[in-house]
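Let me give you the structure first, and then I'll get to my questions.
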Amino acid sequence: TGAIYGKGIYFTDKIKLARQFCSVGEGWVNSSIGSAIQIVGVFDLAKDPSILNTQSNDASTGGVPDSYYVLTDPCGAHLRGLLVWRRRPGAASKGMMVSI
């Protein structure tokens with residue numbers, strides 16, 4: 001929970017990066033989706049430079065993700081959908097998640 005590029009809500013256009021910041025949640029054991037799920041929101045962002053800061057950094061120069069979007073006003077985000085992964089039956093690790 002550091003704010004390397006300043007205060008605000010952090011977004012990325014890289015699904016792999018988004019999933020790294022998303023923990024696996026333990027849900028209801030009898031759910032038809034599964035008892036362990038991971039959810040990532042898909043958003044439209046306002047292209048207003050007064051509330052949206054874009055930062056770019058080449059990942060090859062230090063492992064920093066190559067694109068961040070920092071939104072300082074939550075009114076500039078519009079949820080478009082959710083991506084959901086569930087743990088495969090019998091799998092014990094986050095790496096065994098499959099999309100549904």
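Whose amide H sits under 5 Å from the amide H of Phe43, counting only residues 5 or more places off or on another chain, with H placed in the peptide plane?
Arg80
Using θ = phi - 60° and the Karplus form 6.51 cos²θ - 1.76 cosθ + 1.60, what ³J(HN,Hα) does each residue of the range 36-46 get, whole Hz, x for Gly and Pro?
10, 10, 10, 10, 10, x, 10, 10, 8, 10, 4
In whole Hz, with x marking every Gly and Pro, tabulate ³J(HN,Hα) for the range 67-79 from phi via Karplus 6.51 cos²θ - 1.76 cosθ + 1.60, θ = phi - 60°.
Once rounded to whole Hz, the list reads 7, 10, 10, 10, 9, 8, 10, x, 5, x, 10, 10, 5.
Just subtract the alpha-carbon distance of Ala3 and Ser35 from 0.36 nm times their residue separation and send over the number in nm, one decimal.
8.3 nm
State the extension gain, in nm to one decimal, for the chain segment bounded by Cys75 and Asp44, taking 0.36 nm per residue of separation less the distance between their alpha-carbons.
10.1 nm
The numbers here are math on the coordinates, done by the rules we state, and not lab data. A quick note: this is a predicted structure, and the numbers were derived from the prediction, not measured.
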